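Engineer: Below: one structure in structure tokens.
Just so it is clear, none of the values below were taken in a lab; they were calculated from the coordinates. It should be emphasised that the depicted structure is a prediction, and the values quoted were computed from it without experimental measurement. A quick note on method: Cβ atoms are made from the backbone with ideal geometry, for glycine too, and the neighbour counts reach across all protein chains shown.
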Amino acid sequence: MKIFLDTADVDMIRPAYSTGLINGVTTNPTLIRKSGRDPIEVIKEMSVDFPNLQSISAEVVADTAEEMVDQAQAFNGFWNVTIKVPCTVEGLKACTALAATNYKVNVTLIFSAAQAILAEKAGASFVSPFVGRWMDNSVDGIQLIKDIRELYTGGGRFTTTQILGASIRDVRQVEQAFKYGADIVTIPPTVFWAMYKNVLTEKGLEQFQKDWDSVQGND
């Protein structure tokens, strides 16, 4: 199980990265716009500052596959940068071309198992089914992960394409995504830190402290 952070804020990545539990980062144009910085510079800074991250998704935005491939060239030489493309005709053309030249590609905006089939055939390293956004529309996003997992590995099939559960809203969705077949989840930093918390853990720590103080004669 791998955890990616879904953010373009380097300062929010840093404390989570220091835990040693973060495997990658995903960004998108909306997140980078919120940071107010140049997209290419943000991605390059992450690649240099966080060398142990296995994947940093940088989304290309263009109308044609050729333009997407051209934009991807800005990240040549950064081994852990993954190019993020949409699940469209042009996006999957770009995926095929980039994968053929050894780029890792994350196909995003997956909302059906059929789209995941096409992305896998195009050579995607990752497919990103959008769990929370489906949930927002009263559709079971976790079921989508289950369906993709069955398609990818059911009946003895094998694929190198990893399922990256995206648009995760809370800790429960993290648990469910992994339970039903996600290889990776990408989550906001707030959800990552919430994974540590449980009221019984906090009560237990409080009791341990009281018992320790008693042993030390501090009560």
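Engineer: Would you grab the residues whose amide H sits under 5 Å from the one on V81? Only those 5+ places off in sequence or on another chain, please, with H modelled 1.01 Å from N.
Structural biologist: I56
Engineer: Give the Rg (one decimal place) followed by the Dmax (whole number) of the chain, computed from C-alpha coordinates and expressed in Å.
Structural biologist: 19.6, 72
Engineer: Just to be sure I understand: with springs between alpha-carbon atoms less than 10 Å apart, which residue in A99, A182, A166 has the highest mean-square fluctuation in the Gaussian network model of the chain?
Structural biologist: Among A99, A182, A166, the largest GNM mean-square fluctuation belongs to A99.
Engineer: Scan segment 72-108 for chymotrypsin sites (Phe, Trp or Tyr not before Pro) in coil per DSSP, keeping those whose Cβ has at most 16 other Cβ atoms within 10 Å, and list them by number. Before the final figure, lay out the partial values.
Structural biologist: Details: sites: F75, F78, W79, Y103; in loops: F78, W79, Y103.
Listed in order of number, the matching sites are F78, W79.
Engineer: When a footprinting reagent is the concern and you count Cβ atoms within 10 Å, what order do F111, F192, F158 take, fewest first? Spell out each step's value before the answer.
Structural biologist: Numbers: F111 16, F192 23, F158 6.
Fewest to most other Cβ atoms nearby, the residues stand as F158, F111, F192.
Engineer: Now, a different point. Go ahead and set up a Gaussian network model of the chain, Cα springs under 10 Å, then flag whichever of I83, I145, I22 fluctuates most.
Structural biologist: Among I83, I145, I22, the largest mean-square fluctuation in the Gaussian network model of the chain belongs to I22.
Engineer: What FRET efficiency, computed as 1/(1 + (r/R0)^6) with R0 = 22 Å and r the Cβ-Cβ distance, is obtained for M195 and D11, rounded to the nearest 0.05?
Structural biologist: Working: r = 20 Å, r/R0 = 0.90.
Efficiency for this residue pair is about 0.65.
Engineer: Ok, one more. How many lysine pairs does the chain hold where the Cα atoms are under 21 Å apart and the two sit 8 or more places apart or on different chains?
Structural biologist: 19
Engineer: Here is a follow-up. Rounded if a/c is under 1.5, else prolate if a/b is larger than b/c, else oblate: which is segment 71-120, with a ≥ b ≥ c the root eigenvalues of its Cα gyration tensor?
Structural biologist: Prolate.
Engineer: Treating the Cα atoms of segment 33-133 as identical point scatterers in vacuum, please give the log10 of the normalised Debye intensity I(q)/I(0) at q = 0.12, 0.16, 0.21 Å⁻¹, two decimals.
Structural biologist: -0.37, -0.66, -1.08
Engineer: Let me ask something else about it. Hey, what do the phi angles of segment 40-50 turn into as Karplus ³J(HN,Hα) couplings, whole Hz, using 6.51/-1.76/1.60 and θ = phi - 60°, x for Gly and Pro?
Structural biologist: Listing the rounded values in order: 5, 5, 4, 5, 5, 4, 4, 4, 7, 6, 10 Hz.
Engineer: Once you have the Kirkwood Rh of segment 1-50 from its Cα pairs, apply Stokes-Einstein at 4 °C and 1.567 mPa s and quote D in µm²/s.
Structural biologist: Details: Rh = 11.0 Å.
Translational diffusion coefficient: 117 µm²/s.
Engineer: Nearest-5 percent of antiparallel DSSP beta bridges in segment 2-215?
Structural biologist: Details: 0 of 26 bridges.
So the antiparallel bridges in segment 2-215 amount to around 0 percent.
Engineer: If you plug each phi of segment 166-173 into the Karplus form 6.51 cos²θ - 1.76 cosθ + 1.60 with θ = phi - 60°, what whole-Hz ³J(HN,Hα) values come out, in order, with x for Gly and Pro?
Structural biologist: For segment 166-173, the Karplus-derived couplings read 10, 6, 8, 9, 7, 5, 4, 5 Hz, x marking Gly and Pro.
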